Amino acid sequence: MEVTPAAGIVLGGIEDLPRIYEDMEQQFPPNELYRYQIFIQLLNNSKYKILLFQRSTDGELLGYALVYTMENCNILWIDYLAVLKKYQSQGLGKSLFKALWQKYCGPFDGLLFSVEYVSQSDPVLAEQQKNRIKFYEQLGAHRLKAGFLQPCDEGGFHMYLYFKHRCGFITLSRAAQIQAITQMYDYCFFYLKERKKLLPSYKNTITDEQFTG
């Protein structure tokens with residue numbers, strides 16, 4: 001039985017990007033991954049951060065998150081979240097998400113992030129995607145009704161939009177979602193001109209959301 005090591009989140013910087021990006025290229029599909037220079041531009045602004053998930057005993061890097069702190073809507077966008085490949089299957093994914101949640105559940109009303117649709121053509125990939133969805137839902141994240149489109153070079157592709165709300169925050173308004181998505185599009189995908197066409201195409205699927213628990 002694997003014992004999850006004690007670990008915590010610390011703030012990283014541009015100097016940490018090379019080792020993280022090498023891992024990201026192995027774990028994320030090309031259409032979900034920014035080019036290296038885009039990350040540099042994002043990290044030069046204080047609203048986009050690298051968070052390092054490190055083992056407490058020796059500072060060994062176990063995982064990471066890249067996040068965008070949105071203005072005026074009190075929501076944190078999780079852009080990327082991963083445990084390093086060599087440390088997977090040790091329960092660290094749950095520890096990383098919980099550490100991120102504990103760090104931000106006070107200052108923010110919740111964490112917003114996208115999750116891949118389940119593949120209809122690749123059974124092995126579909127099983128991995130189902131497990132990922134189950135993982136987030138077991139940690140208390142709720143799938144939103146929005147027909148969300150993730151911007152990419154070719155336009156946009158469908159992803160599920162999930163929200164993990166803080167205790168006592170039980171309503172996520174349609175207006176807050178639209179504001180959050182608009183900000184994230186303009187900030188994280190500033191280099192894609194077609195991004196501005198995406199939100200109008202599914203805006204009518206966004207509704208007020210109610211949470212329990």
key: Global form of the stretch 17-88, assessed from the alpha-carbon gyration tensor, a/c cut-off 1.5   = oblate
remark   = Helix 17-27 sits off the longest principal axis of the Cα atoms of the chain, rounded to the nearest 10 on a 0 to 90 degree scale, by 70
query = Using θ = phi - 60° and the Karplus curve 6.51 cos²θ - 1.76 cosθ + 1.60, what whole-Hz ³J(HN,Hα) does each residue of the stretch 188-203 get, with Gly and Pro shown as x?
reply = 7, 10, 4, 7, 9, 5, 6, 4, 5, 8, 6, 4, x, 6, 10, 4
ask   = Once fully extended, how much extra length lies between Arg55 and Asn131, figured as 0.36 nm per residue of separation less the alpha-carbon to alpha-carbon distance?
value = 24.9 nm
query = What is the calculated FRET efficiency for Lys197 to Tyr117, with r their C-beta to C-beta distance and R₀ = 22 Å, to the nearest 0.05?
reply = 0.65
query = For the stretch 42-67 and the stretch 95-148, what is the separation of their Cα centres, given in Å?
reply = 19
request  = Leaving ligands, DNA and RNA out of it, report the carbon-plus-sulfur percent of the accessible area of the stretch 39-150 at a 1.4 Å probe.
outcome  = 45
Gyration tensor verdict on the stretch 113-198 (Cα atoms; rounded if a/c is under 1.5, prolate if a/b is larger than b/c, oblate otherwise) = oblate
query = Once phi is turned into θ = phi - 60°, what whole-Hz ³J(HN,Hα) does the Karplus curve with 6.51, -1.76 and 1.60 give for every residue of the stretch 141-158, x standing for Gly and Pro?
reply = 7, 10, 6, 7, 7, 4, x, 4, 10, 8, x, 7, 4, 8, x, x, 9, 6
inquiry  = Rolling a 1.4 Å sphere over the protein heavy atoms, what is the accessible area per residue of the stretch 47-97, to the nearest Å²?
reply    = 36
request  = Divide by every residue of the chain the summed helix terms, -39500 (n - 2.57) for each DSSP H run of at least 4, and state the resulting mean residue ellipticity at 222 nm, rounded to the nearest 500 deg cm²/dmol.
outcome  = -10000 deg cm²/dmol
key: Loop-resident sites, the stretch 43-127, for GluC sites (Glu not before Pro), counting at most 16 other Cβ within 10 Å (DSSP)   = Glu60, Glu71
query = Once you sort the root eigenvalues of the Cα gyration tensor of the chain as a ≥ b ≥ c, which label holds: rounded (a/c under 1.5), prolate (a/b larger than b/c) or oblate (the other case)?
reply = rounded
query = Can you work out ³J(HN,Hα) from phi for every residue in the stretch 97-111, in order, using Karplus 6.51 cos²θ - 1.76 cosθ + 1.60 and θ = phi - 60°, giving whole Hz and x for Gly and Pro?
reply = 5, 5, 5, 5, 4, 5, 6, 10, 5, x, x, 10, 6, x, 10
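The values are calculated or read from the model by the stated rules, or taken from the named source; none is laboratory data. This structure is a prediction, so every number in the text was calculated from the model and none was measured. Methodologically, a virtual Cβ is constructed for each residue, glycine included, from the backbone with ideal geometry; neighbour enumeration extends over all protein chains shown. Ligands, DNA and RNA are excluded from the accessible area calculation, which covers all protein heavy atoms including side chains. Shrake-Rupley method; radii C 1.70, N 1.55, O 1.52, S 1.80 Å.
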